[in-house]
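Colleague: Below is a structure I'd like to ask you about.
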Amino acid sequence: MLGRAADNVFWMARHVERVESTVRLLRATGLNALLTSSAEGGEGDEAIWSRPLLLTGRMDDFMARYEQISSGRVLAYMLLDRENPASVKSVLACARENARATRHLLTNEIWECLNQTWLAIKDLHFTTVQRTAIDDRLEWLTERCFMFRGALFGSMRRDESLSFANIGMYLERGDHTARLLAGQPERGGAGDDAAAKMREYYEGMALLKALGSYRAYRETFASNLDFGRIAELLILNATVPRSLRGCIDEVVNSLRALNPTADSLKTAHELQYRLQTVQIGLVRRVGLRAFLLDFCQELDEISTQIQRDFMMVQ
Amino acid sequence: MSETAFFDEMHSGGGVRAPYDRYAAWLHSTPVETLKQRHDQANSLFRTVGITFNVYGEDGGVERLIPFDIVPRIISAEEWDIVERGVIQRVDALNAFLHDVYNDQEILRSGRIPPELVLTNDAFRPEMLGLRLPRSVYAHVAGIDIVRIDAKTFYVLEDNARTPSGVSYMLENRQAMMRLFPDLFAAYPVAPVSHYPELLLDTLRAVAPKEVEDPTVVLLTPGQYNSAYFEHAFLAQEMGIELVEGQDLFVDDGDVFMRTTRGPKRVHVIYRRIDDDFLDPLTFRRDSTLGVAGLMAACRLGRVTVCNAVGGGIADDKAIYAYMPEIIRFYLGQEPILKNVPTYTLRRKKDLDYTLAHLPELVVKEVHGSGGYGMLVGPAASKAEIEAFRAKIVAAPDGFIAQPTLALSTCPTFVEDGIAPRHVDLRPFVLSGQKTTVVPGGLTRVAMRQGSLVVNSSQGGGTKDTWVLEKPHARPRR
Amino acid sequence: MRLQISHETVYSLTQAASRSIQYLRLTPRVDRCQRTESWVIEGPERLRPWTDGYGNTVHVASESTTHDSLVIRVSGVVTTRDTAGVLPLDDGLPPDMFLRETPLTAVSAEIAGFARPFADTRAAEGDIAALHALMTAQADAIAFEAGHTSVFTPAASAFSTGKGVCQDHAHIFIAACRVIGLPCRYVSGYLAFGSGDVATHAWAEAFVADLGWVSFDPANRQSATDAYVRLAVGPDYAAAAPVIGVRTGGGGEEVSVAVQVEQVQS
C-alpha cells in the first residue's frame, strides 16, 4: 500500500483511540469528583478537574481562554472546543480526515461508522448540551469507539492496512496508560488512616475505570485496591487490554507481520523484553514515574521509526 | 403552471408516456408525505455514505450534498438505442479527431475545419504532437451531455473529453433508489449500471503500455479538498486500485513509481482526475504541486498511459463543437445520429452581428468556460444582465459562441410543494479501450429551480436516477 | 563551420537532496543548418532520451540516491552551415501554433504599442522588412544587461524594465511578432565566439510565408549564421529550456557554468 495511505490508516486508528481515552478520562474524572471531592482531606473539585488538562498538556491554553477550572468548563473544553486540538471533537475531525484520505481502502462499515459519529457531533456545542445529558453523550462516544474497532476487525482484510491501524491503536493506548499512571500523585502507605484508605480506594477505582480495568483487577487480585498492585496490573499483565505489556505485545506482533527486519520492530522487541523481565518492586524503588515516561519516549521512538521504515519512501 | 411549452418525459398529449405507465400509477397513488419521508431518507443515506462535494469559502470548505430527486427519469429501450448508438459514434469520432490533430492533421489540410481554430487554440497541446497512444485512444472516459426537445429529437449540448465527473452519482443514485423503492425495481426491468467500475478498469487495463501483462492502474486525485474527491475515492475503492496524489508518485529513468510501504512500485496506467496544466511541473505549470515531475517524459516514452490523454480538451472545445457533424462525417463516413445545436461562432463577423441583434433569445457561452459559469441565458436574463454581457462579447468576441435556447424536456420532480416539472439533461459515460461502450443510463441532471435551464451542480442543479428499460427479451444480469 | 563544444553545469546544493529529476534539452537538433559529428552527455546517475512534441531531443535525468551536487557535462563536435538565417518547414511543426500566447510571451499594452507601427511596415514593405525593422527597434529600446531579469521573467516586465538578456529579447520579439500577426518561436542554442554565459544563447525565429522560419537575434542585431548551433525550439523558454528540473530536498543551490564553443579544423 501507499506510504501515505499507511500513515493515514495508522493515524485514523490512533485518533479514534485517543477519543476513547479522552472520553474515559473525563468519565473517570467525573466519577472521582463525585466520590472524593467532598470527602475529608480530598483534593477538591479544582484539583481533580485539572488532571485531564495536565495529562493532555493543555493547561496553559485552557487557563488563557477559560480562566477558571470547573467541571463544566473542563468538559466544554475537552469535549467540544474546536480550538482545542486535544478535544474530542478536534481529534474526531482528524480521524475522519484520515479516513477520508484513505476512503478507498476502508470498508463501508468503517467509514460510515466514523462519518456518522462525526456528523452527530460536528454541530454540537456545549451550551446546547444539557448538563444531565453529558454522561449519555460520553457513553455514546465510548460505544462508537467500540463500534469502530468492531468494524475494523470485523470487516477489514487481514493485510497491511489492518496492521497499521493496529499499531496506531496500541501505541496510542500504551502511551495513554503510561501517562495516566505517571500522572498519579506519589503515595506513601495509607497506614491506618481510615479516611485516607477510603480516598485511595476511590481514586484507585477511578483510575481503573478510566482504563477499563476495574474488573480485571478484581479478577486478578483477591485483595483491596492498592496502588502498587494497580501499577503492576497495568504495566506487566499481558492479559489486560490496556496494560503496557498488552499494548507492546500487539505492536510487536503487527510489526512482525509487516516486516520482520524493520528497525522499528527491533526497538519494540527491546521494549517488550524490558517489560517481560522487569520487577515492579524494583521499579518502584527508583521511581515509577521515570520508568513510565521513559516508556513513553520509547513509544515515540517506535512511532518515528515506523514513519521511516514504511511511510517516508524517497 | 404551464406544462405545454416543453416536452415532458412522463406526460404527453394529456396521457402518460409508455415508459412511465406503471410508475405514474404508483406516483399518483403515493401520498406526498410518503415521498417526503423517502426524500429525507435519501438525504441521510447520502450523508452517511459521504457523497458530498466540497465548497470552498468560509471555514476552509464545507461539504454539501448535491440535491437528489427521488423521481427517476425513465428511458425506453428504443430511445436508449438512439442515444447509445449516437454517443458511441460521437466518441469514436472524437478519438479519431484527436489522433489526427496530434499526428497527421489530415482534417486540417482537408479544409473541413479552419486550421487556426485548432492550432491557435489554447486547448491544443503541441506537447502531444507525434505521439502514438495505445489503441489510438485519447478520451478513454467521455461524458456526453444530451438534451431532448421532443419525442424523437436528442441534441448533444456539450462533449466532455477531459476529466468528466458525475459517474459516482449515477452509481450511488441507483444504490439509493434500490434501497428506497425495492418494489418499483421488482416491477420494472431497469437495466443495471453497477458494473461500470469493472468496465472502467477493463478499459484502463486495455490501454496499458504494450509489453505489460498485468498492469498496475492508479487513480490520480488532486487530494481530499477537491470538489470531486468523493468520486475519486469511490471509483478507486470500487476498482480496487490505489488512490494516489502527485506526492505519492515519482519518475525515475523514464518509469513512473508509487511510494509504497514496501518501497517503490512501478505504475503503468494513470487514471488522472487533475487537469493537464497540473500534470507535470517540468512541462506545464511550474508551480503545480499536484502533478508528477517527469510524467510527460514517461508518457512520451510509452512507459505509462495517462487517461484521459493530455490534450483531449481540443475535442470538447466549444469552438470545435460546431464542427462535430463534419468531424463525424470525415472520420466515420456516417451521418450524425445525435443532433448538434446550431452554433454561432462569434469570431465570425456574420455570426457576431446576428448574435448581438438577438441576445434575448440566445444562450451565449464562453468558449473555454465550463460548469455553467460565464454564460448568458437570454430568455431568463434581465435587460441589465444582457447589456453587461453584450459589453463582454464586444470586447472579445473570439471567446464566445451562441446557440438558440433549446426547449429542454422536463421531468416530474419532487419539490417543496409536491411534484412539479423541472428541466433535465442526460450525461451518459462512454468508455473507450478495446472497444467503445456505454453503460445503459447516465447522470440525469435536473434544474431544481422552476423555469431554470441550468442543470450544473455548481449552479444549484440536482440529480436523478436514470432508468433505461431493458428490451423484453434480453435480460443479462450482472 | 566546424565547432567543438564543451559545456559543464554544476549545481552545488546547500543541503543534500534525496531525489532529483531534470529535463535536458542539450542535444543539437537535426536540421538543415547543422550536422552532429559526435555528442556526449554525462553526469547524471540515469539518463534517458526522448523526443518532445516540438521534435527536440530531451534527456530525462534522474538521481535516486542522496546527493549534494548535480553535474551535467556536454561535449561534441557540430558542423554548421550558413543558410542566410532561413530554415524550411522540414520540422513538421505547423507555424500557426506558435501564435498562441504563453505566460512568458503574453503581450502587454506597452509591447502592443511598441510593435503596432510595424504592422504598417509589414503591409507596405513586406514581412522581412518589418521583422528587420522590429529587431533593430527592439535592440535600440532594450539594453543588453544582465542581472535585471531571470529566465522566467515575462516579456512584458522585461520590456518595461528596458533591460534584459537574450531570453528576454527572444520573448519580447515573439510577443511583438504576435502583435503584427506573425508566428514566432523561441530557439535555444550555442553561439560561437562568445565566452562564459554568452556562449549559451537564445534567439527567435519568425515564420514568413513562402520562405520558412527566419531567425532573428535582437540581442546581437542579426540573423543566425553558421556560428549558431540550435538545441531546441518551442513557444518560449519554459518549453525549450536547456535544463529544467525539480528535486526533493536540497535547500538552495549555487550554479556554475563553463561553456566553450570553438572553431576547429576538419
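The values are calculated or read from the model by the stated rules, or taken from the named source; none is laboratory data. The structure displayed is predicted, hence computed values, not measured ones. We place every Cβ from the backbone using ideal geometry, glycine too, and count neighbours over all the protein chains shown. These area figures cover heavy atoms from the full protein model, side chains too; ligands, DNA and RNA do not enter into them. Shrake-Rupley method; radii C 1.70, N 1.55, O 1.52, S 1.80 Å.
Colleague: Going 7 Å from the Cα of C:SER75 toward and past its Cβ, which residues in the stretch C:248-266 have a backbone nitrogen under 14 Å from where you end up?
Modeller: C:258-262
Colleague: Another question, if that's okay. So what is the 222 nm mean residue ellipticity for chain A from helices alone, if each DSSP H run of at least 4 adds -39500 (n - 2.57) and you divide by all residues, rounding to the nearest 500 deg cm²/dmol?
Modeller: Using -39500 (n - 2.57) per qualifying helix, the result is -24000 deg cm²/dmol.
Colleague: Report ³J(HN,Hα) in whole Hz for each residue of the stretch A:60-76, in order, from the Karplus equation J = 6.51 cos²θ - 1.76 cosθ + 1.60 where θ = phi - 60°; Gly and Pro get x.
Modeller: 5, 4, 4, 4, 5, 9, 10, 6, 9, 8, 8, 4, x, 5, 5, 5, 4
Colleague: Starting from the Cα gyration tensor of the stretch C:86-239, take the square roots of the eigenvalues, sort them a ≥ b ≥ c, and report rounded, prolate or oblate (rounded when a/c is under 1.5, otherwise prolate if a/b is larger than b/c, else oblate). Present the calculation step by step, with values, prior to reporting the outcome.
Modeller: Working: a/c = 1.40, a/b = 1.08, b/c = 1.30.
Judged from the Cα gyration tensor, the stretch C:86-239 comes out rounded (a/c under 1.5).
Colleague: May I ask you to list the lysines whose Cα is less than 21 Å away from that of A:LYS89, ignoring any residue fewer than eight positions away on the same chain?
Modeller: The reachable lysines, counting only those whose Cα sits under 21 Å from A:LYS89, are A:LYS122.
Colleague: log10 I(q)/I(0), Debye, Cα-only the stretch B:82-184, no solvent, q = 0.13, 0.15, 0.18, 0.23 Å⁻¹?
Modeller: -0.65, -0.80, -1.02, -1.30
Colleague: Ok, one more. List the equivalent ellipsoid semi-axes of the stretch A:96-248 in whole Å, largest first, each obtained as the square root of 5λ for an eigenvalue λ of the Cα gyration tensor.
Modeller: Listed largest to smallest, the semi-axes of the stretch A:96-248 are 34, 22, 12 Å.
Colleague: Going by the alpha-carbon gyration tensor, a ≥ b ≥ c the square roots of its eigenvalues, is chain A rounded (a/c under 1.5) or, if a/c is not under 1.5, prolate (a/b greater than b/c) versus oblate?
Modeller: oblate
Colleague: What ranking of B:TYR188, B:TYR225, B:TYR155 comes out by heavy-atom accessible area, probe 1.4 Å, highest first? Working shown, then result.
Modeller: Numbers: B:TYR188 5, B:TYR225 130, B:TYR155 35 Å².
The most accessible residue leads, giving B:TYR225, B:TYR155, B:TYR188.
Colleague: Using a cut-off of 16 Å between alpha-carbon atoms, which lysines can reach B:LYS383, once sequence neighbours fewer than 8 places away in the same chain are excluded?
Modeller: B:LYS383 reaches B:LYS392.
Colleague: So how long is each side of the stretch A:74-181 along the principal axes, counting just the alpha-carbon atoms, biggest first, in Å?
Modeller: 43, 33, 23
Colleague: OK, next. Assuming a viscosity of 0.692 mPa s and a temperature of 37 °C, what translational diffusion coefficient in µm² per second does Stokes-Einstein assign to the stretch C:72-177, Rh being the Kirkwood radius over Cα pairs?
Modeller: On the way: Rh = 15.5 Å.
It diffuses with D of about 211 µm²/s by this estimate.
Colleague: With each pseudo-label sitting 7 Å past Cα toward Cβ, what's the B:GLU385-A:ARG218 distance in nm, one decimal?
Modeller: Reported label-point gap for B:GLU385 and A:ARG218 is 7.1 nm.
Colleague: Which number comes out as Rg/Rh for chain C once both Rg and the Kirkwood Rh are worked out on C-alpha atoms?
Modeller: When Rh is taken as the Kirkwood radius, the ratio is 0.97.
Colleague: Sticking with this structure for a sec: Cα atoms only: what Rg and Dmax, in Å, come out for the stretch B:333-478?
Modeller: Values for the stretch B:333-478 (Cα only, Rg and Dmax): 18.6, 58 Å.
Colleague: Lysines within cross-link reach of B:LYS339: Cα-Cα under 26 Å, excluding same-chain residues under 8 positions apart?
Modeller: B:LYS152, B:LYS318, B:LYS349, B:LYS350, B:LYS365, B:LYS435, B:LYS464, B:LYS471
Colleague: Rounding to the nearest 20 debye, state how big the charge dipole of chain B is about its Cα centre with +1 on each Lys and Arg Cβ and -1 on each Asp and Glu Cβ.
Modeller: Values: 52 positive and 61 negative charges, 104 e Å.
Using Cβ point charges on Lys, Arg, Asp and Glu, chain B gives about 500 debye.
Colleague: Can you give the alpha-carbon Rg of the protein assembly as shown over 2.2 N^0.38 Å, where N counts its residues?
Modeller: 1.12
Colleague: Modelling each spin label as a point 7 Å along the Cα-to-Cβ direction, I'd like the C:GLN4/A:PHE153 distance in nm, to one decimal.
Modeller: The modelled label-to-label distance comes out at 7.7 nm.
Colleague: Just to verify a number: FRET efficiency for A:ASP123 and A:GLU143, C-beta to C-beta distance, R0 = 22 Å, to 0.05?
Modeller: 0.65
Colleague: For the protein assembly as shown, with only Lys/Arg (+1) and Asp/Glu (-1) charged at the beta-carbon, what is the dipole magnitude about the Cα centre, in debye rounded to 20?
Modeller: I would put it at about 1760 debye.
Colleague: A further question on this structure: Could you pull out every residue, at least 5 positions away or on a different chain, whose amide H is within less than 5 Å of the one on B:THR444? Hs are placed 1.01 Å off N in the peptide plane, and Pro or chain starts have none.
Modeller: Close amide H contacts, sequence-distant or interchain: B:ARG427, B:LYS464, B:THR466.
Colleague: Given C-alpha coordinates of the stretch B:210-303, what is the ratio Rg to Rh with the Kirkwood estimate of Rh?
Modeller: The Rg/Rh ratio comes out at 0.95.
Colleague: A follow-up question, please. For a quick check of your reading of the filter: which trypsin sites (Lys or Arg not before Pro) in the stretch B:297-392 sit in a DSSP loop and have no more than 16 other Cβ atoms within 10 Å?
Modeller: Those that pass, being in a loop and sparsely packed, are B:ARG348.
Colleague: What is chain B by shape, rounded, prolate or oblate, if you read a ≥ b ≥ c off the alpha carbon gyration tensor as root eigenvalues and call it rounded for a/c under 1.5, prolate for a/b larger than b/c, and oblate otherwise?
Modeller: It is oblate, given that a/c is not under 1.5 and a/b is not larger than b/c.
Colleague: Which sequence of B:ASP69, A:ASP249 reflects their accessible areas, 1.4 Å probe, from the largest down?
Modeller: Listed by decreasing accessible area, they come as A:ASP249, B:ASP69.
Colleague: Right, something else. Relative to the Cα centre, what is the charge dipole magnitude of the stretch C:72-187, using +1 at the beta carbon of each Lys and Arg, -1 at the beta carbon of each Asp and Glu, and rounding to the nearest 20 debye?
Modeller: On the way: 8 positive and 12 negative charges, 52 e Å.
Here the size comes out at about 260 debye.
Colleague: List the longest stretch of chain A that has no exposed loop site; here a site is one of the GluC sites (Glu not before Pro) assigned by DSSP to anything other than H, G, I, E or B, with at most 16 other Cβ within 10 Å.
Modeller: A:187-314
Colleague: Now, a different point. In the stretch B:99-139, what trypsin sites (Lys or Arg not before Pro) fall in a loop by DSSP, with at most 16 other Cβ atoms inside 10 Å? Can you show the working numbers first?
Modeller: Values: sites: B:ARG109, B:ARG112, B:ARG132, B:ARG135; in loops: B:ARG112, B:ARG132.
Qualifying residues, ordered by number: B:ARG112, B:ARG132.
Colleague: Starting from the Cα of B:HIS358, step 7 Å along the direction of its Cβ; do the same at C:PHE152; then give the gap between the two resulting points in nm.
Modeller: Between B:HIS358 and C:PHE152, the label points sit 4.8 nm apart.
Colleague: In square nanometres, what is the average projected area of the Cα convex hull of the stretch B:1-50?
Modeller: 5.2
Colleague: Also, quick follow-up: How big is the accessible area of B:THR405 in square angstrom, nearest 10, if you roll a 1.4 angstrom probe over the protein chains?
Modeller: For B:THR405, solvent-accessible area is about 50 Å².
Colleague: Applying 1/(1 + (r/R0)^6) with R0 = 22 Å to the Cβ-Cβ distance of B:ASP104 and B:GLN434, what FRET efficiency is obtained, to the nearest 0.05?
Modeller: 0.40
Colleague: Enter the accessible area per residue of chain B (Å², integer; probe 1.4 Å; all protein chains in place). Could you put the intermediate results ahead of the total?
Modeller: Working: 18600 Å² over 478 residues.
With the other protein chains kept in place, chain B gives 39 Å² per residue.
Colleague: How large is ³J(HN,Hα) for each residue in the stretch B:270-282, as worked out from phi by the Karplus curve 6.51 cos²θ - 1.76 cosθ + 1.60 (θ = phi - 60°), to whole Hz, x for Gly and Pro?
Modeller: 10, 8, 9, 10, 10, 6, 2, 4, 9, 5, 9, x, 7
Colleague: Long-range amide H contacts for B:VAL367: which residues qualify at under 5 Å (H placed 1.01 Å from N, peptide plane, sequence gap of 5 or more or a different chain)?
Modeller: Under 5 Å from the amide H of B:VAL367: B:PHE400, B:ILE401.
Colleague: If all Cα-Cα distances of the stretch A:171-314 are sorted into 10 Å bins from 0 onward, what percent lands in each bin, rounded to whole numbers?
Modeller: Pair shares across the bins are 11, 39, 30, 14, 5, 1, 0.
Colleague: Could you compute how much accessible area chains B and A hide from each other, both sides summed, with a 1.4 Å probe? Nearest 100 Å² is fine.
Modeller: The buried area between B and A, both sides summed, comes to about 2400 Å².
Colleague: Another one. I need the calculated FRET efficiency for the pair A:ALA133 and B:ASP417, taking r as the beta carbon distance and R₀ as 51 Å, to the nearest 0.05.
Modeller: Efficiency at R0 = 51 Å is approximately 0.90.
Colleague: Under 15 Å from a label point 7 Å along Cα→Cβ of B:THR34: give me every residue in the stretch B:166-193 with its amide N that close.
Modeller: B:180-187
Colleague: Report ³J(HN,Hα) in whole Hz for each residue of the stretch B:8-18, in order, from the Karplus equation J = 6.51 cos²θ - 1.76 cosθ + 1.60 where θ = phi - 60°; Gly and Pro get x.
Modeller: 9, 5, 9, 10, 8, x, x, x, 9, 6, 3
Colleague: For the stretch A:1-155, take N as its residue count and report Rg(C-alpha) divided by 2.2 N^0.38 Å.
Modeller: 1.11
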